[in-house]
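What follows is a set of notes on a single structure, which appears directly below.
The values are calculated or read from the model by the stated rules, or taken from the named source; none is laboratory data. Here the structure is a predicted model, which means the values were calculated and not measured. Positions of Cβ are generated from backbone atoms using ideal geometry, with glycine treated the same way; all protein chains shown enter the neighbour counts.
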Amino acid sequence: MLLAAAFVAGSLGTAHADRDHDNHTISIFTPPLRGVKFVCATLNASNKTLAVVINLIDETGVMFNTVTQSVASGQSFDDGPPVNAPNGLATAYCRVDVSGGDGDDVRVDLGGFQADGKVLQGVVQGH
């Protein structure tokens, strides 16, 4: 259901955040983008350190990449060098799981690129 909500939200140009009240964890989704390479980046806009998990996922639910890190206040974190889609051109979105904060504490960007590094569709944001 969340995956469907993320794609519906993506088609409207907005992100979707879901809170797990028991564990104080939120998930932030970007709208999907087409690309050959992808970069998902986060910014901690809060005044505290947050535990962040970045997941890059294709439209079928296959996870390309997952990275985890504690991110200090005011710092950014991304999933490393551009991640290649396993089968070339793909549609993907970014799901960022944040522990210790809420949807106002983190900004999320996803960029979709061609093989030569040129922007294919631009950058979309979740927050």
Quiz item: Of everything in the range 100-124 that's among the hydrophobic types (A, V, I, L, M, F, W, C) and within 16 Å of residue 79 (Cα to Cα), which residue is surrounded by the most Cβ atoms within 10 Å (Cβ to Cβ)?
Solution: 110
Exercise. Output yes when any residue across the range 4-15 is at pLDDT 90 or above and within 23 Å of residue 76 (Cα to Cα), and no when none is.
Key: no
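Among the residues of the range 90-121, how many are assigned to a strand (DSSP E or B) and more than 19 Å from residue 31 (Cβ to Cβ)? Show your work before the answer.
Step one: list which residues in the range 90-121 are assigned to a strand (DSSP E or B), which gives 90-99, 106-113, 119-121.
If we keep only those that are more than 19 Å from residue 31 (Cβ to Cβ) too, we end up with 99.
Final tally of qualifying residues: 1.
Considering each residue of the range 67-84, count those that are closer than 26 Å to residue 116 by Cβ and either assigned to a strand (DSSP E or B) or at pLDDT 90 or above (or both), and give that number.
Going residue by residue through the range 67-84, those that are closer than 26 Å to residue 116 by Cβ are 67, 76-84.
Among the residues that remain, those that are also either assigned to a strand (DSSP E or B) or at pLDDT 90 or above (or both) are: 67, 76-78, 83-84.
Residues meeting the conditions: 6.
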Quiz item: Any idea how many residues of the range 50-66 are part of a loop (DSSP other than H, G, I, E, B) and of a type outside the set (S, T, N, Q)?
Solution: 3
Quiz item: What is the residue count in the range 37-61 for residues that are among the β-branched types (Val, Ile, Thr), over 11 Å from residue 72 (Cα atoms) and surrounded by fewer than 19 Cβ atoms within 10 Å (Cβ to Cβ)?
Solution: 2
Quiz item: Counting only residues that are in contact with a Phe, Trp or Tyr (Cβ under 9 Å, 6 or more places away or on another chain) and either on the phi > 0 side of the Ramachandran plot or surrounded by 15 or more Cβ atoms within 10 Å (Cβ to Cβ) (or both), how many does the range 70-99 have?
Solution: 12
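Specify which of the listed residues (47, 87) is in a loop (DSSP other than H, G, I, E, B), in contact with a Ser or Thr (Cβ under 6 Å, 6 or more places away or on another chain) and modelled with pLDDT under 95.
Just a single option satisfies the conditions, and that option is 47.
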